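Beneath this line is the structure, given in structure tokens, with notes to follow.
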Amino acid sequence: MDTFPPEKRSAIMRRVRSTNTAPEKRVRSLLHKLGFRFRLHRNDLPGKPDIVLPKHHVAVFVHGCFWHRHQGCPHATTPASRQEYWLPKFKRTIERDRKNQSELRQQGWNVAVVWECAIKDASNLASDLVRIIGHGESLVCHPQPASMALVADKLEDYRAGKKPEENAS
Ligand SMILES: [Zn+2]
């Protein structure tokens, strides 16, 4: 349960988002070690991707699990109070993310989403990033809640909002 009142939480999230966050820095340093060249915060691209690899045509978003609603993730909690405030806010964020990603793809970019909770395991994240960037596929890096092992799903599924259970049925 979220211990901050909504306004306070909102202010915290805004402050977190507005700077170069620690998760972003970790992904950048990993990419650097892997020998990839990149640019930051391309203002001219939809959604201002956190990291852009022009040579590979990949735009990377480093998404906080709470704010961007990482499905099935323990960090994507919903505050118990003021849901009439939070739920539309979450919905707008998800819609904005989808729109930005779709526009980027229309412009010929592949989009990779790195969930914040996937960053802890640097070696798994590194192999995911190499696979994504190397193959030019649009994938999502996130740990599977059950095993906490990193998996990469097709972005199409992510954008369709599918959960593993829904795929099975
Ligand atoms: Zn997460």
- Quick one: what pairs do we get from segment 27-47, first residue under 15 Å from residue 58 (Cα atoms), second β-branched (Val, Ile, Thr) and loosely packed, with under 13 Cβ neighbours inside 10 Å, C-beta under 7 Å, 6+ apart or different chains? none
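Would you be able to say whether some residue in segment 34-42 is in contact with a helix residue (DSSP H, G or I) (Cβ under 8 Å, 6 or more places away or on another chain), of a type outside the set (Phe, Trp, Tyr) and at pLDDT 90 or above? If you could, list the steps in order and put the result at the bottom.
The first filter runs over segment 34-42 and keeps only residues in contact with a helix residue (DSSP H, G or I) (Cβ under 8 Å, 6 or more places away or on another chain), leaving 34, 36-40.
Narrowing further to those that are of a type outside the set (Phe, Trp, Tyr): 34, 37, 39-40.
Next, from what is left, pick out any that are at pLDDT 90 or above: none.
No, the conditions are met nowhere in segment 34-42.
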- Message: So, in segment 37-84, how many residues would count as being in a loop (DSSP other than H, G, I, E, B), more than 16 Å from the ligand (Cβ to nearest atom) and aliphatic (A, V, I, L, M)?
- Response: 2
- Are any residues in segment 92-110 under 21 Å from residue 27 (Cβ atoms) and not in a helix (DSSP H, G or I), and if so, which ones? 109, 110
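Among the residues of segment 111-140 satisfying the criterion of being assigned to a strand (DSSP E or B) and at pLDDT below 85, which is nearest to residue 21 (Cα to Cα)? Reasoning before the result, please.
If we filter segment 111-140 for residues that are assigned to a strand (DSSP E or B), which is where we start, we get 111-115, 139-140.
Going one step further and asking which of them are at pLDDT below 85, we end up with 139-140.
Numbers: 139: 22, 140: 19 Å.
Looking at residues that are assigned to a strand (DSSP E or B) and at pLDDT below 85, I get 140.
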- Message: Return the residues of segment 48-72 that are surrounded by fewer than 20 Cβ atoms within 10 Å (Cβ to Cβ), under 12 Å from the mean Cα position of the chain (by Cα) and either within 19 Å of residue 133 (Cβ to Cβ) or in contact (Cβ under 8 Å) with a residue 60 or more places away in the chain (or both); say none if nothing qualifies.
- Response: 71
- Task: Go through segment 99-121 and give me each residue that's surrounded by fewer than 16 Cβ atoms within 10 Å (Cβ to Cβ) and away from the ligand (no atom under 16 Å from the Cβ).
- Result: 99, 102, 103, 106, 107, 108
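Please go through segment 73-94 and give me each residue that is out of contact with any strand residue (DSSP E or B) (no Cβ under 9 Å at 6 or more places or on another chain) and closer than 19 Å to residue 114 by Cα, ordered by number. Walk me through how you get there before you give the answer.
Keep residues of segment 73-94 that are out of contact with any strand residue (DSSP E or B) (no Cβ under 9 Å at 6 or more places or on another chain), which gives 74, 76-94.
Across segment 73-94, the qualifying residues are 74, 76, 77, 90, 93, 94.
The values are calculated or read from the model by the stated rules, or taken from the named source; none is laboratory data. Quantities reported herein were computed from a predicted structural model and do not represent experimental measurements. So basically every Cβ, Gly included, is an ideal-geometry build from the backbone, and we count neighbours across all protein chains shown.
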